[in-house]
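The values are calculated or read from the model by the stated rules, or taken from the named source; none is laboratory data. Model, not experiment: these values are computed from the prediction. Ideal geometry is used to build each Cβ from the backbone, glycine not excepted, and the neighbour counts take in all protein chains shown.
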Amino acid sequence: MEKVLTKTPEETEALGRRLGKNCHGGEVFLLVGELGAGKTYLTKGLARGLGIKSVITSPTFNIMKIYEGRRLNLCHVDAYRLQSSKDLLALGVREYLDSPTTVTVIEWADLVEDLNPRRATKIKFKNLIDGREIKIYQKK
């Protein structure tokens with residue numbers, strides 16, 4: 001487990017950029033944390049690390065957005081409005097979870113934790129008075 005403290009959204013985004021630069025395809029990031037904890041900022045940085053230039057916004061109403069990159073694609077999911085992982089599977093997320101050319105990020109992953117992707121990295125966010133604590137757990 002790696003623990004990182006960030007004081008600004010820009011620092012959270014920079015952490016995401018570092019994670020994105022180290023991706024090879026097929027990675028899944030499961031983001032867990034309260035509202036405003038930095039999940040979307042981390043995803044924005046991850047997209048930049050993958051070389052994606054598009055504006056990244058939380059797909060709360062769309063539930064899932066796909067961004068094409070030069071090197072890898074990004075599947076960005078917001079599970080906040082879902083009842084279970086069955087809802088997410090019905091949207092076709094399995095295709096992206098198993099793709100070697102895609103990195104998948106699932107915000108509010110605790111709501112679909114029975115999805116259980118293979119190469120998942122769980123990232124827990126906790127709001128602090130002066131920033132956030134981010135814990136990164138690599139799945140073996």
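Summary of values
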{"read-out": "Enumeration of residues in segment 106-140 that are of a type in the set (K, R) and at pLDDT below 90", "value": "R118, R119, K139, K140"}
{"read-out": "Segment 64-121: number of residues that are hydrophobic (A, V, I, L, M, F, W, C), under 13 Å from the mean Cα position of the chain (by Cα) and within 20 Å of I52 (Cβ to Cβ)", "value": "9"}
{"read-out": "When residues of segment 1-38 are limited to those that are in contact with a Phe, Trp or Tyr (Cβ under 6 Å, 6 or more places away or on another chain) and touching a residue at least 60 places away in the same chain (Cβ under 8 Å), the one surrounded by the most Cβ atoms within 10 Å (Cβ to Cβ)", "value": "G38"}
{"read-out": "Unique match (being loosely packed, with under 13 Cβ neighbours inside 10 Å and either in contact (Cβ under 8 Å) with a residue 24 or more places away in the chain or β-branched (V, I, T) (or both)) among R132, R118", "value": "R118"}
{"read-out": "Criterion violated by T40 - all others in (1) in a loop (DSSP other than H, G, I, E, B); (2) polar (S, T, N, Q); (3) within 21 Å of N127 (Cα to Cα) satisfied", "value": "(1)"}
{"read-out": "Residue, surrounded by the fewest Cβ atoms within 10 Å (Cβ to Cβ), within segment 86-115, restricted to residues that are in contact with a Cys (Cβ under 9 Å, 6 or more places away or on another chain) and assigned to a helix (DSSP H, G or I)", "value": "E95"}
